[in-house]
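Here is the structure we will look at, set down as structure tokens.
We did not get these values from a lab; they are worked out from the coordinates using the rules stated. All values reported here derive from a predicted model rather than from experimental measurement. Backbone-built Cβ (ideal geometry, glycine too); neighbour counts: all protein chains shown.
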Amino acid sequence: MATTPRRYLRLSRRSIKTRFAYRFLRALKKLNKQKKPNSNRVKQYHRVKLAAYASMASAVGSKRAWSRALLWKIRNRGLTRTLVKKRVDEENPREETGFGCTNELRKLVPGGEVMNFYNLLDETADYIKCLSSQVQVMRNILDLFSS
């Protein structure tokens with residue numbers, strides 16, 4: 001029986017993918033130990049999602065505003081919603097840039113509510129790069145453990 005060779009990412013120790021993978025696997029192991037007998041799938045989904053975002057933000061570190069905002073948001077979940085709504089209502093970013101989609105972009109990028117337009121674009125590019133790395137690593141983990 002012929003098998004096709006698997007393609008795994010070749011990761012350097014300093015890459016974001018490697019740091020994310022180690023942190024995410026450690027978080028999943030910790031979640032598995034805390035497994036409660038009556039926990040439903042929705043709660044498990046949210047815990048894994050939170051672990052993935054926290055692992056990604058901590059792998060990037062504090063050099064990016066979106067990672068700082070995401071870690072702050074995870075730590076202070078209840079307080080965040082009211083603060084973000086007040087900041088967005090006080091400012092009108094659409095007038096600043098003249099672009100209509102700026103408000104939607106600010107909602108997607110963590111911490112984007114308080115950035116100027118040029119920093120928002122820079123942070124968005126880095127956030128997209130990290131999200132795509134996150135997807136690649138999670139697919140590789142799934143491929144590894146599903147066989």
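Backbone phi angles across region 117-133, fed through the Karplus curve with coefficients 6.51, -1.76 and 1.60 (θ = phi - 60°), yield HN-Hα couplings of 4, 6, 5, 4, 5, 5, 5, 5, 4, 5, 5, 5, 4, 5, 5, 5, 5 Hz in residue order; Gly and Pro are listed as x. Anisotropy class assigned to region 99-147 is prolate, per the alpha carbon gyration tensor with a/c at or over the 1.5 cut-off and a/b larger than b/c. The calculated FRET efficiency for the pair Ser147 and Gln34, based on their C-beta separation and a Förster distance of 25 Å, comes to about 0.40. For the pair Ser132 and His46, label points projected 7 Å from Cα toward Cβ lie 3.2 nm apart.
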